[in-house]
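The values are calculated or read from the model by the stated rules, or taken from the named source; none is laboratory data. As the structure is a prediction and not an experimental result, all values here were calculated from the model. Methodologically, a virtual Cβ is constructed for each residue, glycine included, from the backbone with ideal geometry; neighbour enumeration extends over all protein chains shown.
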């Protein structure tokens, strides 16, 4: 059967082309030209996957995403976006969109996004089926336990019946008929210790021993005084475990109860003997134990975290995997173990299940005992008693941290591709302009125009080089190449590298190097690139400042007992609080199309891998101050993930 998918786009051409591609993959495609029509189609056909454009008339893709998620949280929604819609795409991911694809749409990218959506649907389906299987197992175990308890209660029932028999007198046949429906052996003995009446089960299993001595049905290890004789002597009932011989020669344990039947003078004239076959109880107990072992094994080996919780969220049982990853103590509360909270989470799925008796699902970040943060997919199921009341709730949590990290990496990759594509487009446009000026200058023999064109080409080539280097640092894993470096020579080299850029932009450059600073161990190549990137940001900050003041950059190198400090400050445009908060995150850039948003992120990673770091102080329209510290001796392992 074909899987259903809803395609929503206001451009008819895109709907036709994508519909053909989707049908070739094997989907049954429904289409809509805007959000309003899409909701109507969705309610009618309920497709598990929706592929929608973001910008549409009447109702855009963001509103459509929210409407669908409100009514059907499990529906996977993939967003289609242009290069200029990255902010909206990020917003959609926060609203639980599965993925986004940039236009024009590549068939391979489309298939990857659809596969991710199907995988998420499959994971939820498997988890739901697993939950139902566990519920059935709990119900089966409960039924068997109840059956065992009923059998064990036979002894109590026999004692009650024995007490009642003490008042029975008269016709023995009429009396014995009372016991033909009982699932136990019943015999009536006279004062001469002879069997004078038996019930049907006794006759069927032990044989017709009417008229025979009292102990005829017992094994050879009969004690000196049988239960019947003891009752005749003492006048009181006896409860004793015995071994009987069945008519086929086999043996089995029984629990024997006796009760005296007295005449009007109070003398014991008859004894009723009732035996319950405890071999069946043993078999039930063995089956129950085997079931418990299988249940415990399934409970412990389940590929997820499982807990059983009381209405106050006390954890009463937890499987092995949960106990390995979380600091479980008997009677601990779920919210303390997972979140370190003092009260229940606001949207606790367990509390919801106690309230409405339904299974609930959510995603949550939890803290393991090793300090790691796990992203888990939680599913709950009610546990009911025989009356149907919910006594406990089972919570199953699947660790999807790797899945979420992969999704984040793919989302970051998508953002990077969009950002880089947009940046390259702008750089190529600038390069075309510079080449045009060069060509026109050569034709007109205008040296000024040739110089202007060459400067533009050189600037664009430099920016392309910076972009390529940023991407390589971000994507490539490399080992650090440690070497002992003289800090003064290293600082002078950086100063000479950036001097021409500062001079070309008419910015004053001041420096101070501690003459006693000594040496340190670093990967000189990548640290040099990272520091140069800091200087380039300072130059850009000064160039972007349109005030009339003279601009300057100051470079200082100092030390303490453990660290070398590189200080780069400028009096450029500065940064507001929002920019400062995001400046070291990937793909964030305040340079528009002139930056990839990777430079400061990569620089920070380089300094961190050396065991150091970078700090920033900035004020809008005043300037910025970067402080980089690097230990004199290596503190970390010899690799870097840029």
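A quick yes/no check of all residues on (1) at pLDDT 90 or above; (2) outside any loop (DSSP other than H, G, I, E, B); (3) within 30 Å of residue 89 (Cβ to Cβ):
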residue: 515; (1), (2), (3): yes, no, no
residue: 556; (1), (2), (3): yes, yes, no
residue: 590; (1), (2), (3): no, no, yes
residue: 596; (1), (2), (3): no, no, yes
residue: 611; (1), (2), (3): no, no, no
* Just for helices (runs of 4 or more DSSP H) wholly inside region 1-108: which have at least 1 residues that are surrounded by fewer than 17 Cβ atoms within 10 Å (Cβ to Cβ), free of Cβ contacts under 8 Å to residues at least 60 places away in the same chain and within 25 Å of the chain's Cα centre (by Cα)? -> 61-71, 86-94
* **In region 210-247, residue surrounded by the fewest Cβ atoms within 10 Å (Cβ to Cβ) [restricted to those that are under 19 Å from residue 259 (Cβ atoms) and touching a helix residue (DSSP H, G or I) at 6+ places or on another chain (Cβ under 6 Å)]** => 240
* Only one of 358, 404, 341, 321 that is closer than 20 Å to residue 127 by Cβ and at pLDDT below 80 -> 404
* Going through region 273-285 one residue at a time, which ones are at pLDDT 75 or above and either surrounded by fewer than 18 Cβ atoms within 10 Å (Cβ to Cβ) or within 16 Å of residue 252 (Cα to Cα) (or both)? -> 274, 275, 276, 277, 278
* Has region 296-312 got any residue that is in contact with a strand residue (DSSP E or B) (Cβ under 9 Å, 6 or more places away or on another chain), touching a residue at least 60 places away in the same chain (Cβ under 8 Å) and under 21 Å from residue 196 (Cβ atoms)? -> no
* Examine region 362-375 for a residue that is at pLDDT below 85 and more than 19 Å from the chain's Cα centre (by Cα), and state whether such a residue exists. => no
* To do: Output the number of the condition that residue 112 fails; it satisfies all remaining conditions of (1) part of a loop (DSSP other than H, G, I, E, B); (2) within 26 Å of the chain's Cα centre (by Cα); (3) surrounded by fewer than 16 Cβ atoms within 10 Å (Cβ to Cβ).
  => (1)
* Could you tell me whether region 255-266 includes any residue that is loosely packed, with under 14 Cβ neighbours inside 10 Å, more than 44 Å from the chain's Cα centre (by Cα) and in contact (Cβ under 8 Å) with a residue 40 or more places away in the chain? => yes
* Asked: Looking at region 331-365, which of its residues are touching a residue at least 40 places away in the same chain (Cβ under 8 Å) and touching a helix residue (DSSP H, G or I) at 6+ places or on another chain (Cβ under 9 Å)?
  -> 334, 350, 359, 361
* Asked: Looking only at residues in region 64-91 that are at pLDDT below 85 and touching a strand residue (DSSP E or B) at 6+ places or on another chain (Cβ under 9 Å), which one is nearest to residue 54 (Cα to Cα)?
  -> 81
* Could we say that residue 535 is modelled with pLDDT of 90 or more and either assigned to a strand (DSSP E or B) or surrounded by 17 or more Cβ atoms within 10 Å (Cβ to Cβ) (or both) here? -> no
* Structure fact -> Scanning region 255-277 residue by residue, those over 12 Å from residue 241 (Cα atoms) and in a strand (DSSP E or B) turn out to be 259, 260, 261, 262, 268, 269, 270, 271, 272, 273
* To do: Among the candidates 607, 626, single out the residue that is at pLDDT below 90 and surrounded by 13 or more Cβ atoms within 10 Å (Cβ to Cβ).
  => 607
* To do: Kindly provide the set of residues from region 235-254 that are touching a residue at least 60 places away in the same chain (Cβ under 8 Å) and assigned to a strand (DSSP E or B), ordered by number.
  => 239, 254
